[in-house]
1. Each label point is 7 Å from the Cα along the Cα-to-Cβ direction; what then is the distance between the points at residue 340 and residue 369, in nm?
2. List the pair-distance distribution P(r) of the chain, using every Cα-Cα distance, as the percent of pairs falling in each 20 Å bin from 0 up to the bin containing the longest distance, rounded to whole percents.
3. Do any of 303/434; 321/434; 185/434 go past 26 Å between their Cα atoms, and which?
4. So how far apart, in nm, are the two label points at residue 507 and residue 143 if each is 7 Å from Cα heading toward Cβ?
5. State whether segment 250-544 is rounded, prolate or oblate according to the following rule on the C-alpha gyration tensor (a ≥ b ≥ c being the square roots of its eigenvalues): a/c under 1.5 gives rounded; otherwise a/b larger than b/c gives prolate, and the remaining case gives oblate.
6. Rounded to a whole number of µm²/s, how large is the Stokes-Einstein D of segment 342-406 at 37 °C and 0.692 mPa s, given Rh as the Kirkwood radius over C-alpha pairs?
7. What nm distance separates the two modelled labels at residue 479 and residue 48, each placed 7 Å from Cα along Cα→Cβ?
8. Give me the log10 of I(q) over I(0) for segment 179-219 at q = 0.25, 0.26, 0.29, 0.31 Å⁻¹, as the Debye formula computes it from C-alpha points; what are the numbers?
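All of the numbers you see were taken from the coordinates with simple rules; none came from a lab. Treat the numbers as computed from the prediction; the structure is a model and nothing was measured. For neighbour counting, all protein chains shown are included, and Cβ atoms are generated from backbone atoms with ideal geometry for every residue, glycine included.
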Amino acid sequence: MRSGAKVAVVGGVFVLVAGGLGYGAYSVVLGGGGADGTESASASSEVRTGPPSKSEIEETSKGFLKAWASGDATAAALLTNNRDIAEPLLTGYGEEAHVTKAVITPGAAVGTKVPYTVKATVSYEGKTKPWSYASELTVVRGLTTGKALVDWQPTVIHPQLTEGASLKTGESSTAAIEAVDHNGKVLDKEKYPSLGPIIDALREKYGDTTGGSPGIETWVQSEAEDVPNTTLLTLAKGKPGRLQTTLDKNVQAAAEQAVKRFPETSVVAVQPSTGAIQAIANNRADGYNAAMTGQLAPGSTMKIVTAAMIIQNGLGSMNEKVECPSTVSWEGVTFHNLKDFSIAAPTLRDAFARSCNTTFIKPVKLLGARAGTALGQEARDYFGLGQDNWKTGLQSFDGSIPESSGAETAASYIGQGKLLMSPLNMASVTATAKQGAFKQPYIVPRELDGRPFATARPLPGSVAQQLREMMRYTATGPSGTGRAAMSSVGGDKGAKTGSAEVDGQGTSNSWFTGFSNDLAAAAVVQSGGHGGDAAGPVVAAVLRAGP
């Protein structure tokens, strides 16, 4: 990255300007990694141990930032604990991202972390634009040298840079798109930030089909084929192509606000009558689209499918008496209700509304040899799950209900064990119960690319009716676990709560799914606790924005 640049230091700010400066001016003070890209230590010097001191953190961070700003990738990489990985990315900052000037301002260290702001200029083929962002680095003790070094992470370069990715500036590979909702209202990333990666993914897949022209941009070039590139800066706009989606701006806006209530939250809304996805929102530190591709145990929201299986196999019906003891054992494992509650002589509707685990585990014994496959068959045949054939228009997870045995079978009946779902899956389950038939979720019309949609058999009318009644009772009945969350939701409404325990996680994941009129939604709040406490208000807020 030696590109005839030099660094000026003004008040602790490192500025890349024209000229040239070598590494030796500050390498003598700070030291660094070995020339072969590994840490090295002199046999005659004492190797320090323990956390880096305040002065070491300051010297190392300033030395690294100074070298980086100067355009000297080799010098900067030598001040990290992974020169071989760091140097190409630092080199690419000038040669591939075309950063021609960088002003880097370090902030006060917080422990071993040093925050900083970058105000850069990007220039490409006569187009120039300012670019600013903030990131941070961490100073650690080198394992072999004992020197204080920058712990190398891609986010040191830019907070959205991921492992294996790189920064690029040039003509975009696909035309920009103007995504619009089903009423033709524009959906921009600024107003709907959760849609940023969604719009990027849609652009990657459909940009060439919308009649637009490419612009000049700076972007994160993803290494993985199934992960879209992320645009960071537009130097010159191309002509965006118009892309129709099924999203609804009002429902999306409600979803955007709702997920802000709790960290690590994702929600999806689906129209039961068509399968059209009306909203997708995530509030996650990692930016992952868990709403569509998350793979998590759904807890008791899965009892919608289990209840359908029970009814269709003649093991019970909504108004038949069932058992709900405080605990039940199966294959040496004891399963509990929340706080070990029990219900005397409940109906299946009562047990569903109170989310009685033991009621839904009892059928394992009654199904005998079919117990390990019955739930998966019900999910595949009637709810369209677990067959990896959904063509939503985006990358999505279709759910997994593997064959099970022993205690794992019992756990799967209450949404635990090896069973995995996303909020999209559970919103679709609720939509299927509401409509009486599975409609594959989708975000762009199939006419755009002629892709086939997944299908499933319609639920028998009496089964669908009982599922809806049990969900309505959960949302409105005096002991329904969804009553509090759904109290502000109008129309024909129903719900199901869920809490999913995760190994090594102190608090369970909060799940909630519900419907109101022709809108179904599902949410998960990781480490959110009870379903009605965290995920419930998120779903309710989304449903209130529906028709």
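1. Computed distance between label sites residue 340 and residue 369 equals 3.8 nm.
2. Here the calculated profile for the chain is 21, 41, 29, 9, 0.
3. Table pairs above 26 Å Cα-Cα are 185/434.
4. Roughly 3.5 nm, to one decimal.
5. Note, shape of segment 250-544 comes out rounded.
6. Estimated diffusion coefficient is 234 µm²/s.
7. In this crude spin-label approximation the distance works out to 6.5 nm.
8. For segment 179-219 at q = 0.25, 0.26, 0.29, 0.31 Å⁻¹, log10 I(q)/I(0) is -1.06, -1.12, -1.21, -1.22.
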